[in-house]
Amino acid sequence: MESFFFWKKYILSFLILTFFLSFSYPLRKEFEYLELKLGMSFADVTNIIEKSEKLRIDESRFFGKINEEVPFIIKATYFPFIESILIQFHNDKSYGITIIFNPGYFDFFTLAGKLQEKYGTPLLRTSKLILWEGSGSTNNGNTSDPVKLRLEYPSTVKVIDYNIMKQVNTELSQNIVKITNESIIQSNKRALLDEL
């Protein structure tokens, strides 16, 4: 009989926890750090970094723009406090910002408190990950795109527009399939020509 009540309490606790986790707490406001935010153009981001007294573009790690179709990344630093800020672009719009703070200056719990104060109640909180989810993208003026803000142990903050990330992943997958198919065709053509 006692085990029945134990399981009943366990199942009820699980259902209540699932119910509360099913709510997506929206970000209180759009993510912005040192004037950098999602939806900005490459030119806007580089102008902000160049005008900043704190940030510098890390030229040794600049994953520059090769062509318009390929996603690219700008890396900025602010030594010794920020090891790197990586801004990911696709079609000349930023869709991901990763800030890697120096854990010697910024610990997980201090960052967690500040982010919660600014962006509201997180959707998920563990000892190594805190997650906020909601709207906050400025993609073409549409603020309904899902944006996830993550704090990862020891002191990394990530904000990503998941709609654009899915689009980038789809396009990259399609390009890989296309290149693979072209490679197979070329290989078969060479093999057939070699038979002459």
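A few comments on the model shown:
- In the set (1) at pLDDT below 90; (2) part of a helix (DSSP H, G or I), the condition left unmet by Lys29 is number (2).
- Residue pairs whose Cβ atoms lie under 9 Å apart, sitting 6 or more positions apart in sequence or on different chains, and linking a residue in the stretch 161-175 that is more than 18 Å from Thr98 (Cα to Cα) to a partner that is among the aromatic types (Phe, Trp, Tyr) and not in a helix (DSSP H, G or I), are Gln167/Tyr95.
- The stretch 107-138, subset in a helix (DSSP H, G or I) and out of contact with any strand residue (DSSP E or B) (no Cβ under 8 Å at 6 or more places or on another chain), residue modelled with the lowest pLDDT: Lys118
- Check on Pro80, over 15 Å from Lys158 (Cα atoms), modelled with pLDDT under 90 and not in a strand (DSSP E or B): no
- Residue satisfying all of: in the stretch 154-196; surrounded by fewer than 16 Cβ atoms within 10 Å (Cβ to Cβ) and in a loop (DSSP other than H, G, I, E, B); modelled with the highest pLDDT among these: Pro154
- Where a residue in the stretch 49-66 is closer than 17 Å to Ser94 by Cβ and modelled with pLDDT of 65 or more and its partner, wherever it lies, is aliphatic (A, V, I, L, M) and assigned to a loop (DSSP other than H, G, I, E, B), with Cβ under 9 Å and at least six apart: Ile49/Leu34; Ile49/Leu55; Ser52/Leu34; Leu55/Leu34
- One residue stands out in the stretch 139-153 among those that are charged (D, E, K, R) and buried (at least 17 other Cβ atoms within 10 Å of the Cβ): the one that is modelled with the highest pLDDT, namely Arg150.
- Ser41 falls short on exactly one of the conditions (1) surrounded by 14 or more Cβ atoms within 10 Å (Cβ to Cβ); (2) at pLDDT 90 or above; (3) not hydrophobic (A, V, I, L, M, F, W, C), and that condition is (1).
The values are calculated or read from the model by the stated rules, or taken from the named source; none is laboratory data. It should be emphasised that the depicted structure is a prediction, and the values quoted were computed from it without experimental measurement. Don't worry about glycine lacking a Cβ; one is built from the backbone with ideal geometry, like all the others, and counts go over all protein chains shown.
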